[in-house]
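Asks: Here you go, one structure.
The values are calculated or read from the model by the stated rules, or taken from the named source; none is laboratory data. Bear in mind the structure is a predicted one, so any value in this text is a computation, not a measurement. Cβ placement follows ideal geometry from the backbone for every residue including glycine, while neighbour counts extend to all protein chains displayed.
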Amino acid sequence: MKPLFHPASEDITIEGILHALADPVRMHIFAEIAAAGGPLTCSPFLEVDMRPIPKSTLSQHFRVLREAGLIRSERKGVEMHNSVRQEDLHPRFSPLLKAIVQAHKEQVGRDALRRRRVSRR
């Protein structure tokens, strides 16, 4: 297997971060990994919002997050363990990422409330 690409911390850009988090599935993945406080495998993300995600598509999402510098992925046996690159992101992007994750959390809550209201009608 070829080694995974992780950009150097000085090569992480705001444009790369915003591009990676512009996709709702990648935003969900990043928010969940950030909330976990430790490494997560890819398995919990085979389904997002009750929709199955093919493994190949999921791999692509993780690659985009990794190449943007948001996560670090490590192979451990047959599993890939993913964690937020706190030490690289915190000095330059911490307030931005906290705001984005918080906005995502609020949006998900509003969407869930809206769906519940619609389903009651």
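Asks: So, of the residues in the stretch 11-40 that are charged (D, E, K, R) and surrounded by 12 or more Cβ atoms within 10 Å (Cβ to Cβ), which turns out to be farthest from the chain's Cα centre (by Cα)?
Replies: Per the criteria, the residue is 23.
Asks: Could you give me the residue pairs with C-beta distances under 9 Å whose first residue belongs to the stretch 62-81 and is on the phi < 0 side of the Ramachandran plot, whose second residue is aromatic (Phe, Trp, Tyr) and in a strand (DSSP E or B) wherever it lies, and which are 6+ apart or on separate chains?
Replies: none
Asks: Taking the stretch 108-121, which residues are of a type in the set (Gly, Ala, Ser) and at pLDDT below 90?
Replies: 112, 119, listed by residue number.
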